[in-house]
Every structure is written in C-alpha cells, then in structure tokens.
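Shown next, in structure tokens, is the structure this report addresses.
The values are calculated or read from the model by the stated rules, or taken from the named source; none is laboratory data. Quick caveat: nothing in here was measured; it's all calculated off a predicted structure. Neighbour counts run over all protein chains shown; Cβ positions are idealised from the backbone, glycine included.
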Amino acid sequence: MARRSTKTPPPDDSYEEKILDIDVVDEMQGSFLEYAYSVIYSRALPDARDGLKPVHRRIVYQMNEMGLRPERGYVKCARVVGEVMGKLHPHGDASIYDALVRMAQPFSMRVPLVDGHGNFGSLGNDDPPAAMRYTECRMAAATSLMTESIDEDTVDFAPNYDGQEQEPVALPAAFPNLLVNGASGIAVGMATNMPPHNLNEVIAAARHLIRHPSADLDALMKYVPGPDLPTGGRIVGLSGIRDAYETGRGTFKIRATVSVETVTARRKGLVVTELPFAVGPEKVIAKIKDLVGSKKVQGIADVKDLTDREHGLRLVIEIKNGFVPEAVLEQLYKLTPMEESFGINNVALVDGQPLTLGLKELLEVYLDHRFEVVRRRSEYRRGKRRDRLHLVEGLLTALVDIDEVIRLIRSSENSAEAKQRLMERFSLSEVQTQYILDTPLRRLTKFDRIELEAERDRLTAEIEELTRILESDAELRKLVSAELAAVTKKFGTPRRTMLLEAGAVPAAAVPLQVADDPCRVLLSATGLLARTASGEPLPKNTDGKRHKHDVIVSAVAATALGEVGVVTSAGRLLRVNVIDLPQLPETVSAANLSGGAPLAEFVTLEDDESVVCLTTLDESSPGLALGTEQGVVKRVVPDYPSSKEELEVITLKEGDRIVGAVELRTGEEDLVFITDDAQLLRYQASQVRPQGRPAGGMAGIKLTEGAKVISFTAVDPAADAIVVTVAGSRGTLDDSVQTTGKVTPFDQFPRKGRATGGVRCQRFLKGEDCLAFAWAGPTPVLAAQKNGSPAELPAVDPRRDGSGVSLPKTVAVVTGPA
C-alpha cells in the first residue's frame, strides 16, 4: 500500500501577507488600453510606409536573412516559421504560417511576396493549405525590392521581444506595397480593409506626384482609376471608389465575369471565368443549390465546376430551355456571392498613429519614406566610398616613393615605430598607414598602381554623383522616379479587373453621375470592344512592341452616355450603349485593347454572321457606304429611329453578304472594291446616290464569272494611302500555307467609272489563283494574323500589277490609324 504524503503548513510567522487594494475600474482600463495599443501597433494594422504588418515584415526580413533568394532552392515552411517565431515574433506558429500562406497566394496578393511550393490553399479557402511541415517556400522575385539596400543604413532597427536580436522598424520597400497588395485587419475599435491595385498604375501615379507635388485627386485618378484585384472580375459603379480615394472610406461592388455560351447541344449556359475577390467556387455552388432547392431561383438545370490548371476558373451554370440566360444572371447577381460589396477603409499607421488616408496621402507617406531611404542609402554609400578613397590615396602616396617606405619600415625597431615614422614622413593618417603596412608586397607593382589610380578616379566620380543627389532635392526626386520606373518595367503586369460605370442595365437607368464626355469606341480584330477616357485618338505605338489586341479594325467618336451602331455582314445595324463598355485606363499602351470585353457580351449574332464595322448614329453625317460580296454598292441615308434596337440598312440578294462598310466623313471619299481575282476599282462616292435603309443598292463593280468581292473600303484621296494584297490558292487558304503579299501606293490606281471592272492590283505567281486578303486605306498601318498575333508587311512596291513577295506569317487583318 502506497504511503500518503502530507504537507505541513508553514508556521504563521514564516511569511508576511501582503494585500494591495486596487480599483478594478482602473486596473481594467489600464490593462485594456495596453492590450488595445499592442493590437493596433504590433499586430493588426499595416505601416503606411512598407504596407506590412509586423508579422509579414518579420517573415520577409527573416527570409532575407536566411538567404532564401528566388534563385535558391525551396526550404520547408516550418523552418521559416521556426526562425521567425524564435527570433522575432512573440506569438504562436499558427499566426505566422497563416500570414506566410497569404503572402504566397496569387489570388490574394496582386504581387505575391512568397514563392510557395505545395498546397497553399484555394480561392475562397474552400481547400485549406497543407500543414507547414509539408509545404516549402522561398522569396518571390519581387520580394527583393522590399529588402533592397536594407544593409546600407536605410531604415531604423529596434530590439526584438527579448532584446537579443534587432529587427527593422520598416522595410525599404522599393514599390508602394500597401496600395499594390492591399491589407485587411481588425484591431480594437478600428479596422482596415484595402483592396489591391495595379503596380503599373500606382507607380505611374507616384511618379506624377513626384513631378507635381500639388497634383489633385482627379489628376492621380487618371493613372489609378480603381482597384485591380488578383482574381479579376468587374467593378460596377465608380463613385464609391472616388469617395475612398478622397476620404479613405468608400464602397464598390465586384461582379463575376460571366459570358453566355452554348454549353450543350440543346442548352445555353452561364460560364463564370472570374469571381469577386476572396470568393471561391464552392461557396457560389452551395448558394446556387440552396436557392434552387428553395425555389427562389428558377431556370437553372445544373451547375458544374470545370476548373483546372490549364484553363483556370470555369464554372458552368446550365440554363433550362425557355428561360433567358441574362434574366437568370441578374437573379444570381442579387442573391449569390457572384456580386459582392467591398468596403474600403484605408486605416494605416503613420508615425505610430492609426490614420484614415486617401489616395494622395497614401502616396505621399510612401514617397516621403522612399526619399528618406534613398537619402540615407546615398549617405551610406558616399561614406563607404570616402573611406575607401582615403585608403587608396594613402597607398598611392606610398607608391610614389616606395623605396623610402621600405627603407623606413626596415630600419624601424617594431611596427609601432614604423607606423609613426611613415605618418610623419608622408603626412598620412593612422588608418592609411595601417593599411599600407597590411598591404602585401605583391600589391606594389606598376600594374596595381594603374588599377589604384583608376579606382581613385571612379570613387571620386561616384562621390561627386552621390553628393549631387544629396545636395539637390530635384536630383533625389529624379532618382526615386527612375527607380520606380525600373520596377514597373520589370514587374508590371496588365490590368485584370474591368471598371464599369454601370452594370447590365439600360443607359437610361444609370444615374446621371457620369458626365456625358466625348470618347471613342474601339473594336479590335480579336473581337474586343472598349471605350477610351477621352475623344482623342489613341497615341501612336512608340515603344515598337506589338500586342495581340493592338489592331483596331473600327473606331468611332461617341459620348459616354450615347449609343453606337454595330453593322453586321447580314445587313443589320444593332445599337450598343457606350456606358456599358469597359473604359480603358489612360496608362494603356497605344492601340492595345487587352482590357476590352468580347463583342458577344453586347450583341447577339447568327452563326454565319460577323461584325463589319462600328458607326455613329449621327443623322447629320453623309451616312454609311456598303459593299457586298456580289459587287453591290450602297450609300445609306442616315435615318436611325431611336425606338428600334435593330435596323436593316440594306436588302441583300440571296447568298449575298456585306464585306465592308465605312461611315463617310465628307462624302468626297473614293470607294474601293477589290476582288479575289485581283481586280481593284476606285471611284468617287459622289457617283453613288444615297438610298433609304430598305433599298438594295446598285451595281458597284463588274465581276468576272466566279469572282467575288473580298474588300470594300473608303479612302480620302488627299491622304497618304496604300493597298495591301495577299495572294494564295483556292481551297488551301489557311495559316499553314505559304502566301505572298504586296504593298502598293494607292495613287498608282486610276479612278474608273462605277460598275466597271477596274484594274489588276497583283500578278499571280505559279500555284496562286486568287487573293486571300486585300485592304486599302491610309497609313500608318498595323497587320495581324487571324488570332490577333502581330504580322509584318513587305516593303512598298511601286508596281501596280507586280507579283508579291513571300510572307513569314499569313496576314488576315490590316488597319490604319485608330
């Protein structure tokens, strides 16, 4: 039986009892304030300078200290978490790993700061990340910008939680991380919720603010029109964004990107390719199934998640026969997370104080920090170079009379005496003398002296350059602006989120908050529609780079609240509300419609129908000029009743179709027909009398048997214009077949009468029997293939009926100035 132990109570005089009377209200108030300050300053709110909370900053800094560069191998996340927790972060490993995981998720961060290897979760956290013992990580390519020059006294350091390590108060941050990646956090009595933005746009605004410190919000919003979310989507309604940029608080709505497609042989469906920020497909599917089960939404047959790595997000919602997909979509926007509100609350720490900041204030705080970083870095580098120059000058002084130096050293009793005698003899400092004594004899050759003199000149020039930067505020600003431009060039990406003034509602229902400003509506060769921010033509492409969506096949002037017409090959004119089109930001490169929306989202076409051109609905214009495949020409009287959404602009003969349509500007243009048997006919538009919309037109060109028209355009005879023709062989006209092309000055082709046969525009080579493509119009021109990829044209050939030269890529689209 075990013996039970008993404790003997201490004698009454062995200790003195101490009882303190404390007011519980004072104790609670003091403890809560200390806790609140700790949460606000050390946990929940980001610093406005580098945009990081303490845990994120510690992760980035410790990974940099561990040497986890992008070119190095991955290491276990558990190792990084352990290093951060043991040296810098006084909290548990779960909070550290959660922060690390978010920094590695491309759907959470616009510019991820951690390169993750393994399962780091899924969109909407439907699939949680794997444990940190399984996943691996290293610094992302852009993370080096956050710690760049941190070892050059650019930021202040403070003791860690136990005083044994030093950690940075803020990182140097070579790009505005807070605006680019956003932040979210809940503190005590306050919270922050900031959306991500596009790196190119934010840096463009920062550089504008450097050049113009007094710039107002409107000027900055020309560069940053709105957030750019990692998951894309569409922001509907921009008034809340302006409020947030002005006051630091605002709300906007994010809609999923949805297109109506034929998903089965008998059914149409809604295909979701982008969801609102932080919304996963599982959440959407569960909500749709609940709504269908409770009969709150009708018309949905099935929901499938076809997401994969190759195609990305693809959520297919099949619609029952007899239901309109657009009507079902409106219900889903209202009742499911396919449309979510995002409340902007720009709360960040400035000098340790939580403040609500607008767009300009956020940029100013970052730029002030960046100016200080570059200034301290320049002072550090100048000091290092001055120290090195001091040593080099001392060594060069000794090399001038090296024999005397050696004699003094050899005749000295010890090193201390040698140092003193050298200092007195050559007027050297103690540091210079010690460096001379420590220099090996092999460094005293003639070649090393030449190297030292070159190093002295280089150090002198660098010191002068650094001094110039430190003594001139303008030079400092210029350097910071240039470094930001370099970041954009290396890490900038196109915008993913589309900004819309209004949703899928008629323009008349949109509140008149948007000014009816002039703009231009553009249609690309790849079928994308967009509008510009102003009525000015797009700038010329000056960087020489071509894009897949840079060929603009049609451009018309319009207003933001107006309408434009879409002319189809079937002779229909369909109305499109300009306000519904995505607006291109002013930072878009010349003639690049990558931010546009597919044409199918705005008009419904038949299977064998295509869009020919865009046109204004201005009834005071000279009207449209149409050319058909069977050689018919027509000038349409501009009569477009506003009560009709669809109009007929020509009555086509059976089997005929429109191959070209142009809105005339003056009525004095030349109409140009080009046929597939290489005949070109040019005559004045005045030879064609205008006709009403139902009319069938008149004879435009005389065709030989079996020939057809492949191009119809209108050219200003006073403009510098060219004719582009591409020859091939019937039955084998595809991108894999070698073709020949020719570019001819337009003035080489004489005017002929209407309904005549024209003149030859290209001589066929062996194996060629038709033109695969033709176009006539003003220069400069851009050419592309069928898929929109850039293509090159041959040099201009002055021969009117000469043969073509071999083309490396088949030309399918050519267009003039947009």
Search segment 305-339 for residues being touching a Gly at 6+ places or on another chain (Cβ under 9 Å) and in a strand (DSSP E or B), and hand back the single one that is nearest to Leu229 (Cα to Cα).
-> Glu339
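Could you check segment 389-453 for helices (runs of 4 or more DSSP H) lying wholly inside it with 2 or more residues that are over 28 Å from Ile463 (Cβ atoms) and in the same structural domain as Ile463 (by TED's automatic domain parsing)? Show your work before the answer.
Details: elements: 402-411, 415-426, 430-438.
Of the helices (runs of 4 or more DSSP H) lying wholly inside segment 389-453, those with at least 2 residues that are over 28 Å from Ile463 (Cβ atoms) and in the same structural domain as Ile463 (by TED's automatic domain parsing) span 402-411, 415-426.
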Filtering segment 158-184 for residues that are touching a strand residue (DSSP E or B) at 6+ places or on another chain (Cβ under 8 Å) and not polar (S, T, N, Q) leaves a count of 11
Would you call Thr559 out of contact with any Ser or Thr (no Cβ under 9 Å at 6 or more places or on another chain), at pLDDT below 90 and either buried (at least 19 other Cβ atoms within 10 Å of the Cβ) or under 24 Å from Arg665 (Cβ atoms) (or both)?
-> yes
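For every residue, the table says whether it meets (1) basic (Lys, Arg); (2) under 30 Å from Gly802 (Cα atoms); (3) part of a loop (DSSP other than H, G, I, E, B).
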{"residue": "Cys613", "(1), (2), (3)": "no, no, no"}
{"residue": "Ser621", "(1), (2), (3)": "no, no, yes"}
{"residue": "Ile650", "(1), (2), (3)": "no, no, yes"}
{"residue": "Val672", "(1), (2), (3)": "no, yes, no"}
{"residue": "Leu681", "(1), (2), (3)": "no, yes, no"}
Residue check, Met338 against (1) touching a Ser or Thr at 6+ places or on another chain (Cβ under 8 Å); (2) under 25 Å from Ser239 (Cα atoms); (3) surrounded by 19 or more Cβ atoms within 10 Å (Cβ to Cβ), all met but one. Which one?
-> (1)
Report the residue count in segment 169-209 for those that are crowded, with 19+ Cβ neighbours inside 10 Å, assigned to a helix (DSSP H, G or I) and either out of contact with any His (no Cβ under 8 Å at 6 or more places or on another chain) or free of Cβ contacts under 8 Å to residues at least 40 places away in the same chain (or both).
-> 13
Scan segment 131-147 residue by residue and report those that are buried (at least 20 other Cβ atoms within 10 Å of the Cβ) and assigned to a loop (DSSP other than H, G, I, E, B).
-> Met132, Thr135, Ala140
Hey, any hits in segment 25-43 for a residue that's at pLDDT 80 or above and in a helix (DSSP H, G or I)?
-> no
Scanning for something assigned to a helix (DSSP H, G or I), in contact with a Lys or Arg (Cβ under 9 Å, 6 or more places away or on another chain) and hydroxyl-bearing (Ser, Thr, Tyr), does segment 229-247 turn up at least one residue?
-> yes
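Take Gly696 and tell me if it is of a type in the set (Gly, Ala, Ser), surrounded by 14 or more Cβ atoms within 10 Å (Cβ to Cβ), touching a strand residue (DSSP E or B) at 6+ places or on another chain (Cβ under 6 Å) and touching a residue at least 60 places away in the same chain (Cβ under 8 Å). Reasoning before the result, please.
On the way: of a type in the set (Gly, Ala, Ser): yes; surrounded by 14 or more Cβ atoms within 10 Å (Cβ to Cβ): yes; touching a strand residue (DSSP E or B) at 6+ places or on another chain (Cβ under 6 Å): no; touching a residue at least 60 places away in the same chain (Cβ under 8 Å): yes.
No.
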Quick one: in segment 271-298, which of the residues that are within 30 Å of Arg496 (Cβ to Cβ) and without any contact (Cβ under 8 Å) to a residue 40 or more places away in the chain is surrounded by the most Cβ atoms within 10 Å (Cβ to Cβ)?
-> Val297
Within segment 263-270, is there a residue that is without any contact (Cβ under 8 Å) to a residue 60 or more places away in the chain, outside any strand (DSSP E or B) and in contact with a Pro (Cβ under 8 Å, 6 or more places away or on another chain)?
-> no
Is it the case that some residue within segment 681-692 is closer than 29 Å to Glu619 by Cα, surrounded by 13 or more Cβ atoms within 10 Å (Cβ to Cβ), among the hydrophobic types (A, V, I, L, M, F, W, C) and modelled with pLDDT of 95 or more?
-> yes
Unmet criterion (only one of (1) out of contact with any helix residue (DSSP H, G or I) (no Cβ under 7 Å at 6 or more places or on another chain); (2) assigned to a helix (DSSP H, G or I)) for Phe371 = (1)
Could you please let me know if Leu605 is within 24 Å of Ser711 (Cα to Cα), at pLDDT below 90 and in a loop (DSSP other than H, G, I, E, B)?
-> yes
